[in-house]
Every structure is written in C-alpha cells, then in structure tokens.
Amino acid sequence: MVKLEIDTFSGYKIYPSKGKLFVRGDGKIFRFSTSKTESLTHQRKNPRKIAWTQVFRRMHKKGITEEIAKKRARRTVKHQRGIVGADIATILARRGQTTEARESARKAAIDKAKAAKKAKEGTKEKKTAPRTTTSAPKVSKQQMKGGKGR
C-alpha cells in the first residue's frame, strides 16, 4: 500500500517521491505537489477563493457524484375549526351568505333584542323608596370643619 500525502494548499494527492516539504519557523509542516501551490501559499493566498482547489470545490458543492435527494418541506395543512360561540357549520353557512342576507339577519336580531329589552323594562317595577329629604340646609365639608362658608 502506497502512502499518499495531501497538498496543504490545493488538497490534491502527492505520490511518493513527488512534491516538496516545507517546514515553517514555528514547526508547522506544509506539503506541496507543485511549485504553483508552493508559490500561492507563500503569497498568503486563500485556497477557499481559488476555484481549482479542493477546498473551494468542497465549499461550493462541486463534483459531488451522489445526488442526494433534496429534503421535501412539509406543507402546512390548514384545519378549519369553530370558535367560541360558533361551530364550523355555522361559520361555513355564513360565509356562503350574501351581504344583503347577512345585513337583514343582523337587523332582525337587533330588533328582536330591542323588543326583549323593552318587554323586560315594562315588567320591571321600580321598588325603590322615595328619598326623605331633611329640611336642614346643605353644609359643605369646609363648613363642617369650621372653615369659611359661602
């Protein structure tokens, strides 16, 4: 089995007895397959921005042989349900009505409510006793405390 190295800049394979090895002052090892990759590294170029490098291709999803099926987004399912005071059948019936029919039904309901209110007021008798008024003159709080009175 042949041991292959990987180019530090481009990501290409380096076969035995090929390429160059560069050891920086801090001890970091760089392996280059060609003088081109060596030169670009010494120029401090970013391999992510150079289109032919493996890092660029990986970042931009190039050359992937297996086409992975895209995840399908779930569609939101709309549910219709009733609200307080009206079930779904009532809501759908009202939605199907014309505006004129809706207005006439509304007016009829208002008239019915007014008639019921009048009937309720007619049967209700006032049972409150009449006020007994004292003949004493009205006295303000200031006067009670002994202050100036008008």
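We did not get these values from a lab; they are worked out from the coordinates using the rules stated. Since we're looking at a predicted model, the values are computed, not measured. When we count neighbours, we look across all protein chains shown, and the Cβ atoms used for this are built from the backbone with ideal geometry, even at glycine.
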With the crude spin-label approximation of a point 7 Å out along Cα→Cβ, what separation in nm comes out for ARG81 versus ALA109? 2.3 nm
Expected max-MSF residue from SER17, SER39, SER135 in the GNM of the chain (alpha carbon, under 10 Å) is SER135
Result: in the stretch 5-59 the number of Lys pairs with C-alpha under 20 Å apart, spaced 8 or more or on different chains, is 13
What ratio of Cα Rg to 2.2 N^0.38 Å holds for the chain? 3.11
Span-like helices, the chain: DSSP H, alpha-carbon axial extent 18 Å or more, mean Kyte-Doolittle 1.6 or greater, which ones? none
Treating only the Cβ atoms of Lys and Arg (+1) and Asp and Glu (-1) as charged, compute the dipole magnitude of the chain about its Cα centre; round to the nearest 20 debye. 940 debye
Structure-based [θ]222 nm, the chain - -39500 (n - 2.57) summed over DSSP H runs of at least 4, per residue, nearest 500: -10500 deg cm²/dmol
Summed residue charge, Cβ within 15 Å of TYR15's Cβ, Lys/Arg positive, Asp/Glu negative: +3
